[in-house]
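Chemist: After the structure tokens below, expect a handful of questions from me.
The values are calculated or read from the model by the stated rules, or taken from the named source; none is laboratory data. Computed from a predicted model, the values in this text were never measured in an experiment. Ideal geometry is used to build each Cβ from the backbone, glycine not excepted, and the neighbour counts take in all protein chains shown. Side chains included, ligands, DNA and RNA excluded: accessible areas come from the protein's heavy atoms. Shrake-Rupley method; radii C 1.70, N 1.55, O 1.52, S 1.80 Å.
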Amino acid sequence: MTKNQTPRDAFDLLMAGNQRFVAGTPEYPNQDAARRTEIAPSQQPFAVLFGCSDSRLAAEIIFDRGLGDLFVVRTAGHVAGTEVLGSIEFGVSVLKAPLVVVLGHDSCGAVAAACSALEDGQTPGGFVRDVVERVTPSVLAGRETAEEILAEHIEHTVDLLLERSRVLAEAVAAGRLGMVGLSYRLADGSAQVVATRGLDAAVPTAS
């Protein structure tokens, strides 16, 4: 990765890796001993990836990347608290990553739990309840299908990060940072763009 890498460069690099993963032709870049030695003194990831903790959503695998490429933050349902915001800001302001990705996926347990809670009025106990409550606004946004609700939740998360973090908002406004929301399909392994901010990537009107 280069210090002058643009948000678009980072996005293209990320999506090229996903295309290799979908096609079954991964290159497994930056996963050898030489890379391990190279980045031991410092890191310069080209993207911050904030995704769901789901065990099927391993970022370096589905985007065919390796050591030092992605600064990864994960929570159930990609719900964002202060620790998440601080971690993402660190990746952007200190590590200088030009891209922030919010990665959601179909068959998300947190989204399903929020839908169920609204339907039957019962919410999980413990701190799982907090996760479900943070997903609920996306479910209440008026979308109907599971795919629409997921896209809404991903876009809501992108906008929430920008609303709550001046660091991220200023970086996007200055053209130093792009943000993208991706919806991952578990069956075929593809990541589809559902939202962009500060990035000239097309959002398809239908999938």
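Chemist: How long is the gain from LEU186 to TYR28 if the chain were fully straight, where each residue apart is worth 0.36 nm and the alpha carbon distance is subtracted? Each step should come with its number before you reach the end.
Modeler: On the way: separation 158, 0.36 × 158 = 56.88 nm, distance 2.00 nm.
Going from the current span to full extension adds 54.9 nm.
Chemist: Percent of accessible area on segment 41-198 owned by carbon and sulfur, 1.4 Å probe?
Modeler: Result for segment 41-198: 52 percent of the exposed heavy-atom area is carbon or sulfur.
Chemist: Given a cut-off of 23 Å, what percent of all Cα-Cα pairs of segment 52-131 lie beyond it?
Modeler: Distances greater than 23 Å cover 31 percent of the Cα pairs.
Chemist: I've got another one for you. Only four residue types carry charge here, +1 at the Cβ of Lys and Arg and -1 at the Cβ of Asp and Glu. Report the dipole size of the chain about the Cα centre in Debye, rounded to the nearest 20.
Modeler: For this selection, approximately 620 debye.
Chemist: Now for a separate question. Working out 0.36 nm times the residue gap between GLN19 and ARG166, then minus their Cα-Cα distance, what length gain in nm do you get to one decimal?
Modeler: So the chain would gain 49.6 nm between GLN19 and ARG166.
Chemist: Suppose all protein chains stay in the model; what accessible area per residue would a 1.4 Å probe give for segment 52-144, in Å²? Please list the in-between numbers first.
Modeler: Numbers: 4280 Å² over 93 residues.
Per-residue value: 46 Å².
Chemist: May I ask you to derive the FRET efficiency for VAL94 and THR123 from their Cβ-Cβ distance with R0 = 41 Å, giving the value to the nearest 0.05?
Modeler: The value I calculate is 0.65.
Chemist: Same structure again: Once both labels are modelled 7 Å past Cα along the beta-carbon direction, what's the ALA112-SER42 spacing in nm?
Modeler: Result for the modelled spin labels: 4.5 nm.
Chemist: Starting at 0 and stepping by 5 Å, how many percent of the alpha carbon pairs of the chain end up in each bin?
Modeler: The distribution over the chain is 1, 7, 16, 20, 20, 16, 11, 6, 2, 1, 0, given as percents.
Chemist: Still on this structure, please answer the following. Compactness ratio of segment 103-207: Cα Rg over 2.2 N^0.38 Å, N = residue count?
Modeler: So the Cα radius of gyration is 1.16 times the expected 2.2 N^0.38 Å.
Chemist: Can you send over the solvent-accessible area of SER87, 1.4 Å probe, protein chains only, in Å² to the nearest 10?
Modeler: For SER87, solvent-accessible area is about 40 Å².
Chemist: For ALA174, project a label point 7 Å along Cα to C-beta. Then give me every residue of segment 76-90 with its amide nitrogen under 16 Å of that point.
Modeler: So the set is 89-90.
Chemist: A further question on this structure: Cα convex hull of segment 1-119: mean projected area in nm², to one decimal?
Modeler: Seen from a random direction, the Cα hull of segment 1-119 projects 8.5 nm² on average.
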